[in-house]
Amino acid sequence: MGSQPDMATPQEKRLRNVHQLTFGGQNAEAYFSADGKKLIFQSTHGDVKCDQIFIMNIDGSDQHMVSTGNGRTTCSYFYPNGKKILYASTHLTSPECPLKPDYSKGYVWGVYSGYDIFTANSDGSGLKQLTNTPGYDAEATISLDGKKITFTSVRNGDLDIYIMDADGKNVKQLTHELGYDGGPAFSPDGKRIVYRAYHPQNEKDIADYKALLAQNLIRPTSLEIWLMKSDGSDKKQITNLGAASFGPAFTADGKKIIFSTNYDPATHATGGEGNFELWTMNPDGTALERITYSDGFDGFPMFSPDGKKLVWASNRNGKAPHETNIFIADWIP
């Protein structure tokens, strides 16, 4: 890895030694193990027709699949002890890849009803189902103390955030607003959850949201970042960018939040569907700072547990349209 040139762009003052870890296909949502030595991520490449879960070392070596190879998977995470992993998969519904969303309805995401959340040993063995409600259960992350999992579910008819014990027991609903509440991640101390949300306000938007959700789709063109206590109290909207902001995570010290957005500060509007950059801000939404300056997509950021490295997914250096790879960099505070 040391022989790779630094792939940071000149404006990326917070990033040094930007190195590419995957080469080809669509790779995303890479998250660190608690010891900072491994990454778990989802990938579609070569013979892998839709996302499966892989693990690799942080230098990109020893990439290997740990999901079943059936269905489609998403949102993988290590348990803090490093011995178990968590991910969502549709393989119980069908071994085939689920049908892609109908883009004639515009830019939409599929919230596949076949998704349930599973745990397994870190080599993929010992698969165990944690959720078995009808509809979408996914987007799960674990608190640093390993005691709680937060996730997104449609079990009550709307996309909301839930919390449960690490073994799947004691499920509690945290959000109740109509609309999409998802992508939850704990603060390092486990006391807060940062997430993305879209709450339609007028009759037309509400009808559009409900009609799409009935087809297991959402339109993620307007998402803001929210923060709440991990018991669901004290909810606050912390961005008001009028763009698609998602993938929030705390810095290792809990003092900042990093996220991806297509907000364009020059025009105070979205920068187009394809151009997403990473930004940091204070937990109250102040002190916005742009981190990446690269054409196309930069998203799904996560800091290493010691705060010294940042991993994310990016279109930079892609050899084919929509190619997305995992990158790692030293973080300059």
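The values are calculated or read from the model by the stated rules, or taken from the named source; none is laboratory data. Small disclaimer: the values here were computed from a predicted structure and weren't measured. Here the Cβ is made from the backbone with ideal geometry for all residues, glycine too, and neighbour counts use every protein chain on show.
Summary of computed values
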read-out	value
Given (1) on the phi < 0 side of the Ramachandran plot; (2) buried (at least 17 other Cβ atoms within 10 Å of the Cβ), number of the condition Gly183 does not satisfy	(1)
Boolean, Tyr77 is outside any loop (DSSP other than H, G, I, E, B) and either acidic (Asp, Glu) or over 21 Å from Asn315 (Cα atoms) (or both)	yes
Region 225-242: number of residues that are surrounded by 21 or more Cβ atoms within 10 Å (Cβ to Cβ) and either free of Cβ contacts under 8 Å to residues at least 40 places away in the same chain or closer than 20 Å to Gly106 by Cβ (or both)	1
From the options Gly82, Gly69, Gly60, residue that is at pLDDT below 95, under 27 Å from Asn325 (Cβ atoms) and of a type in the set (Gly, Ala, Ser)	Gly82
Asn70 surrounded by fewer than 20 Cβ atoms within 10 Å (Cβ to Cβ), in contact with a Pro (Cβ under 8 Å, 6 or more places away or on another chain) and among the polar types (S, T, N, Q)	yes
Sole residue being among the acidic types (Asp, Glu), surrounded by 16 or more Cβ atoms within 10 Å (Cβ to Cβ), over 30 Å from Asn275 (Cα atoms) and out of contact with any Gly (no Cβ under 7 Å at 6 or more places or on another chain), chosen from Asp137, Asp123, Asp62, Asp116	Asp116
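For every residue, the table says whether it meets (1) surrounded by 16 or more Cβ atoms within 10 Å (Cβ to Cβ); (2) more than 20 Å from the chain's Cα centre (by Cα); (3) closer than 14 Å to Ser67 by Cβ.
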residue	(1), (2), (3)
Leu15	yes, yes, no
Val18	yes, yes, no
Leu21	yes, no, no
Gly24	no, no, no
Phe32	yes, no, no
Gly36	yes, no, no
Ile40	yes, no, yes
Ile55	yes, no, yes
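Okay, residues lined up against (1) under 17 Å from Ala185 (Cβ atoms); (2) among the charged types (D, E, K, R):
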{"position": "Thr239", "(1), (2)": "yes, no"}
{"position": "Phe246", "(1), (2)": "yes, no"}
{"position": "Asn262", "(1), (2)": "no, no"}
{"position": "Leu288", "(1), (2)": "no, no"}
{"position": "Phe297", "(1), (2)": "no, no"}
{"position": "Lys319", "(1), (2)": "no, yes"}
{"position": "Asn325", "(1), (2)": "no, no"}
{"position": "Trp331", "(1), (2)": "no, no"}
